[in-house]
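Accompanying notes for the structure given below.
Nothing in this text is a laboratory measurement; each read-out follows from the coordinates by a stated rule. In this text, all values refer to a predicted model and were calculated from it rather than measured experimentally. Ideal geometry is used to build each Cβ from the backbone, glycine not excepted, and the neighbour counts take in all protein chains shown.
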Amino acid sequence: MTPAEQAQLHILKIVDAEPEISQRQLAGRLGVSLGKINYLLKALLSKGHIKAGNFLRAENKLKYAYLLTPEGIGAKLQLTRSYLARKEQEYLALKAEIEAIRAELGGEDRRS
């Protein structure tokens, strides 16, 4: 999974849970710039994974709600599966490395 796909997955998860979140809040949550969030949201919009609707009755007419589309729900599921598979591989590799280090230490005193 690329860093962009990972960021998109995080955005899809957040938007699914909090449709009214602002771009500034998204940027803060992901630790990226506002411009980067704008870029990622535009990519998700162009792919049809999310749609943006503005609140007509809101005091701030520029406030949007981001909603997952059926394609976005599918993409979120696929990205989550990919992310999980990668993390499971990392876990198995780390577990094997820990076992190898323990075997290397063998009978050494483990108090250190």
Notebook entry, point to check: Which whole-percent values make up P(r) of the chain when all C-alpha to C-alpha distances are grouped in 10 Å steps starting at zero?
Noted result: 13, 35, 22, 12, 11, 6, 2, 0
Next item on the list: Could you work out how far helix 3-17 tilts from the main Cα principal axis of the chain, as a 0 to 90 degree angle to the nearest 10?
Entry: 60 degrees
Item checked: Calculated FRET value between residue 54 and residue 33, using beta carbons and R₀ = 25 Å, to 0.05 -> 0.65
Next item on the list: With only Lys, Arg, Asp and Glu charged, each at its Cβ (+1 for the first two, -1 for the last two), find how big the charge dipole of the chain is about the Cα centre; round to the nearest 20 debye.
Entry: 600 debye
